[in-house]
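Remarks on the structure that follows.
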Amino acid sequence: MGRWVGARSSRSGRAREDTAGGAAETIVLGDDEVLLPGLVDTHVHVNEPGRTDWEGFASATRAAAAGGITTIIDMPLNSIPPTTDAGALRAKRESAAGQIQVDVGFWGGAVPGSTGRLRELHEEGAFGFKVFLADSGVPEFPPLDPPGLESVMAEAAALGSLVIVHAEDAAVLGAAPRSAGRGYGSFLRSRPAAAEVTAIARVIELARRTGARAHVLHLSAADAIGLVAAARRDGARVTAETCPHYLALAAEDIPDGATQFKCCPPIRERANREQLWQALRDGIIDCVVSDHSPCPAALKRLDAGDFGAAWGGISSVQLALPVVWTQARPRGHSLQDIARWMAAGPADLAGLAGKGRIAPGCDADLVAFAPEDSFTVAPEGLHHRHRLTPYAGQRLHGVVRRTWLRGAPVPGARPAGRLLARGAAG
Ligand SMILES: [Zn+2]
């Protein structure tokens, strides 16, 4: 006996009534609502335990549910300890248990000297290993040098796991001018596209040499798209994601001192943004995920507006769907595209067989979405622990009316999320 969610009228106007024998309850969507699969966001920084004042499992998963996201995979850094061994992964699970509104899985992390701990992380259920090739922003998660990256990729290949890469090259960043003061242009010059291109070229070369699966996180630099496309044509096991802010925002529009727009890699120019849309259209970028990376407002240094000093990260797990839909719609994309980029694509990346699709055998993770409705972003309506957002005041298209996790409405009074582990999920 379960809950059945049906659509009485499709968008084409063709009358349709779906029923399921034996369901305890029938829910009929409104005429302006469509049913989407619950979204899967494989790039969320929850920060608990250790930096729970930045973001925690209760607030992050409530925001996700309100935004139509029913599964998140948590990043291994910004929590303390970082998720770089099996004990740290167990600590994450213990922190999350009993307070999650959506299903939660965990990426492991690889730092210098930790290759020997990847197997235990893998066996404990980590979905793959995140690495940095430049400063991560927190001292307890240092970057890998090129030999370190090769050793991690070789071990991941042996385990049949996946390496997910923050692809900015330390040497290129080190040679760039430093970000100084309030000017966004100065910050942008400090994180040139060449840093991404160099790092991604190295990852592709090592994916070929070691046979490892590699995934490029938060691709921002359009200059690297051709490299990814060529590698895939040649059979390298390389995938890529981008994020709502790279698809929606543009450097030319960012006011000086507006550090709520700071993230790494940075939001680039309008022309670059259009090339990212083309790469999505061409299927070179597989996923759109939030990179929800919050911090207390004080760390954004809005008083001084200094881009060099501010924490780099944008909180957007609750807004990812309407932000992307608002941009996708006028570019001629459909909700099927959204479902592929934000549900099936990330589910496939993480190997979540029962997630990201409305299909027999999959979890009944569902979203009632009103694509033609709109709203103005009011920070007080966000469930993120910290509500500073670059989208404040923006008019967005697409309203998440209701979200269900395994057929039950979320967020709910009793947190119904489950902990997911690689291989056992879905
Ligand atoms: Zn991130």
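A short reminder: the numbers here are calculations on the coordinates, not readings from a lab. Everything quoted here is computed from the prediction, not taken from an experiment. Because the Cβ atoms are built from the backbone with ideal geometry, glycine has one as well, and the counts that use them run over all protein chains shown.
Charged side chains reduced to their Cβ positions (Lys and Arg at +1, Asp and Glu at -1) give the chain a dipole of some 420 debye around its Cα centre. A crude spin-label estimate for the pair Asp53 and Glu380, with each label 7 Å from Cα along the Cβ direction, gives 2.5 nm. Taking every alpha-carbon pair within the range 209-253, the share separated by more than 12 Å comes to 66 percent.
Counting beta carbons within 10 Å around each of Thr376, Thr61, Thr52, Thr259 and listing the fewest first gives the order Thr376, Thr52, Thr259, Thr61.
Rounded to the nearest 20, the Cβ-based charge dipole of the range 44-133 about its Cα centre (Lys and Arg +1, Asp and Glu -1) stands at 100 debye. Separation of the range 225-274 from the range 326-405 is 19 Å, based on Cα centroids. With 0.36 nm allotted per residue and the present C-alpha distance subtracted, the Arg209-Arg233 stretch has 7.1 nm of extension available.
Taking only the Cα atoms of the range 129-192, the radius of gyration and Dmax are 14.5, 47 Å.
Between the residues Phe375, Gly313, Gly423, the greatest Cα displacement towards the positive end of the dipole of the range 267-426, with unit charges on the Cβ of Lys, Arg, Asp and Glu, is found for Gly423. Taking all C-alpha pairs of the range 295-362, those more than 21 Å from each other amount to 50 percent.
Largest mean-square fluctuation among Gly68, Gly305, Gly128, in a Gaussian network model of the chain whose springs join Cα atoms under 10 Å apart, belongs to Gly305. Plainly put, the range 97-211 has a radius of gyration that is 1.05 times its Kirkwood radius, both from alpha-carbon atoms, as the Rg/Rh ratio.
Taking the charge dipole of the chain about its Cα centre, with +1 at Lys and Arg Cβ atoms and -1 at Asp and Glu Cβ atoms, the residue from Leu121, Gly345, Trp404 reaching farthest to the positive side is Trp404.
Full extension of the segment from Ala97 to Arg189, taken as 0.36 nm per residue of separation minus the current Cα-Cα distance, would add 28.9 nm. Positive-end ranking of Thr242, Leu77, Leu302 along the dipole of the chain, with charges on Cβ about the Cα centre, is headed by Thr242. Rounded to the nearest 0.05, the FRET efficiency derived from the C-beta distance between Arg178 and Ala298 at R0 = 22 Å is 0.50. Measuring spread by the Cα atoms of the chain yields a radius of gyration and Dmax of 20.5, 66 Å.
Calculated mean residue ellipticity, 222 nm, the chain: -8000 deg cm²/dmol, from DSSP H runs (n ≥ 4) at -39500 (n - 2.57) each, averaged per residue and rounded to 500. Bridgeable lysines around Lys300 (alpha carbons under 18 Å apart, same-chain partners fewer than 8 residues away excluded): Lys262.
Label separation (Ala24 vs Ala154): 5.5 nm, computed from points 7 Å beyond Cα along the C-beta direction. With no solvent and one point per C-alpha, what does the Debye sum give as log10 I(q)/I(0) for the range 216-374 at q = 0.12, 0.13, 0.17 Å⁻¹? Relative scattering, expressed as log10 I(q)/I(0), comes to -0.58, -0.67, -1.08.
By how many nm would the segment from Arg329 to Ala359 grow when fully extended, if each residue of separation counts as 0.36 nm and the alpha-carbon distance is taken off? Display every interim value, and only then the final one.
Numbers: separation 30, 0.36 × 30 = 10.80 nm, distance 2.48 nm.
Residue separation times 0.36 nm, minus the Cα-Cα distance, leaves 8.3 nm.
Compared with the dominant principal axis of the Cα atoms in the chain, helix 146-159 is inclined by about 40°.
Note on Lys355: aspartates and glutamates with a C-alpha under 13 Å away, same-chain residues under 8 apart excluded, are Asp41, Asp103, Asp363, Asp365.
With respect to the chain, whose longest principal axis is taken over its alpha-carbon atoms, helix 270-281 is tilted by about 60°. For the range 173-248, the set of trypsin sites (Lys or Arg not before Pro) satisfying both a DSSP loop assignment and a count of at most 11 other C-beta atoms within 10 Å is given as Arg178.
Calculated on C-alpha atoms, the gyration radius of the range 32-151 divided by its Kirkwood radius gives an Rg/Rh of 1.02.
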